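Please read the structure below before turning to the comments.
The values are calculated or read from the model by the stated rules, or taken from the named source; none is laboratory data. It should be emphasised that the depicted structure is a prediction, and the values quoted were computed from it without experimental measurement. Reconstructed Cβ throughout: ideal geometry from the backbone, glycine too, with neighbour counts over all protein chains shown. In case anyone asks, the SASA skips ligands and DNA or RNA and just uses the protein heavy atoms, side chains included. Shrake-Rupley method; radii C 1.70, N 1.55, O 1.52, S 1.80 Å.
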Amino acid sequence: MLSTIFSGFKVIKVHKIFIGGILFLSACHNPCYNYTYSHKKLVRYNKQEFDVYDFRPHEVVASIGASSGWFEIASSVFTDSLTFYIQDIERECINVQKVKKLEKFYTRVRRKPMTNRFIPVLGNETQLCLSENTCDKVLLRLSFHEFSHPDDLMQNIKAILKEGGILYITENIAAYTGEPDKGCGYPLWELKSLIAKIESYGFVFLQVYNPHCPGFTEYDPLDTYRVFAFKK
């Protein structure tokens with residue numbers, strides 16, 4: 001389902017990432033990506049990550065820097081009764097018509113009506129424009145390293161999360177301090193540095209996941225994609 005537009009984050013260009021021989025496109029590099037995958041491809045390439053987030057019925061989830069919201073809408077093939085706030089600062093990406101089109105496509109993939117709600121949110125680089133104590137979970141998928149005002153946004157994120165809510169940060173891990181992202185040029189985070197940074201905002205580190213190779217979380221130049229979980 002679709003609701004009105006409200007008001008995070010900017011995403012730019014296309015970056016190819018190979019993980020275990022599989023090609024992925026980094027969100028940081030494609031302003032309004034609208035990926036349309038078959039059920040088979042979702043199971044093969046994305047289902048492991050959907051499972052990490054452990055979406056449960058009636059949860060409210062905000063995805064910051066979500067562009068078109070394709071990932072959240074695609075995850076709805078496997079989930080029910082969720083509310084997603086799909087947020088970005090690019091007006092061309094937070095587009096009701098695009099969200100409707102993606103919802104229609106993934107409803108066909110699902111082969112039954114969607115039960116999740118999708119609410120586009122147009123924000124800015126310092127404000128999320130969401131109500132406090134609203135969200136059970138917040139996702140930052142390949143967007144945290146691009147925050148121009150991380151202190152402001154992280155305080156916003158902490159405010160919109162309910163007590164005990166979970167923050168998931170998905171990033172490609174740097175091999176060395178200051179390593180630039182090959183697409184957008186912003187520096188990536190090293191594993192331990194990212195954890196320490198988020199803890200400095202008062203979050204409690206829970207776990208780091210490797211969706212594509214569970215159990216292996218250390219840096220690997222051929223497999224840099226990691227999901228970090230923190231608790232408010």
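If you check LEU42 against the conditions, is it aliphatic (A, V, I, L, M), farther than 30 Å from GLN207 by Cα and modelled with pLDDT of 90 or more?
Values: aliphatic (A, V, I, L, M): yes; farther than 30 Å from GLN207 by Cα: no; modelled with pLDDT of 90 or more: yes.
Taking the combined requirement at face value, the residue does not satisfy it.
Go through region 188-209 and count every residue that is of a type outside the set (Gly, Ala, Ser), open to solvent by less than 60 Å² (accessible area, probe 1.4 Å) and not in a helix (DSSP H, G or I). If you could, list the steps in order and put the result at the bottom.
So in region 188-209, the residues of a type outside the set (Gly, Ala, Ser) come out as 188-192, 194-195, 197-199, 201, 203-209.
Next, only the ones that are open to solvent by less than 60 Å² (accessible area, probe 1.4 Å) stay: 188, 190-191, 194-195, 198, 201, 203, 208.
Filter once more, so that each one left must be not in a helix (DSSP H, G or I): 188, 190, 201, 203, 208.
The total comes to 5.
Do we find a residue being modelled with pLDDT of 90 or more and either assigned to a strand (DSSP E or B) or loosely packed, with under 14 Cβ neighbours inside 10 Å (or both) anywhere in region 210-220? Show your work before the answer.
We begin by selecting, within region 210-220, every residue modelled with pLDDT of 90 or more; these are 210-211.
If we keep only those that are either assigned to a strand (DSSP E or B) or loosely packed, with under 14 Cβ neighbours inside 10 Å (or both) too, we end up with none.
No, that holds for no residue.
Kindly evaluate LYS158 against the criterion of being assigned to a helix (DSSP H, G or I) and open to solvent by 10 Å² or more (accessible area, probe 1.4 Å).
Details: assigned to a helix (DSSP H, G or I): yes; open to solvent by 10 Å² or more (accessible area, probe 1.4 Å): yes.
So LYS158 passes the test.
So the check is Cβ under 7 Å with 6+ separation or different chains; which pairs have a first residue in region 99-113 that's farther than 14 Å from TYR33 by Cα and a second one that's of a type in the set (Gly, Ala, Ser)?
TYR106/ALA74; TYR106/SER76; VAL109/SER38
Filter region 96-142 for residues that are part of a strand (DSSP E or B) and either over 27 Å from TYR209 (Cα atoms) or not acidic (Asp, Glu) (or both) and give the result.
Just the residues of region 96-142 that are part of a strand (DSSP E or B), to begin with: 117-122, 135-141.
Answer for region 96-142, where residues must be part of a strand (DSSP E or B) and either over 27 Å from TYR209 (Cα atoms) or not acidic (Asp, Glu) (or both): ARG117, PHE118, ILE119, PRO120, VAL121, LEU122, CYS135, LYS137, VAL138, LEU139, LEU140, ARG141.
What tally of residues in region 114-154 results from selecting those that are of a type outside the set (Gly, Ala, Ser), over 28 Å from TYR37 (Cβ atoms) and surrounded by fewer than 14 Cβ atoms within 10 Å (Cβ to Cβ)?
Within region 114-154, residues that are of a type outside the set (Gly, Ala, Ser), over 28 Å from TYR37 (Cβ atoms) and surrounded by fewer than 14 Cβ atoms within 10 Å (Cβ to Cβ) number 4.
Out of (1) open to solvent by 10 Å² or more (accessible area, probe 1.4 Å); (2) over 26 Å from THR224 (Cβ atoms), what's the single condition that is false for GLY178?
Every condition holds for GLY178 apart from (2).
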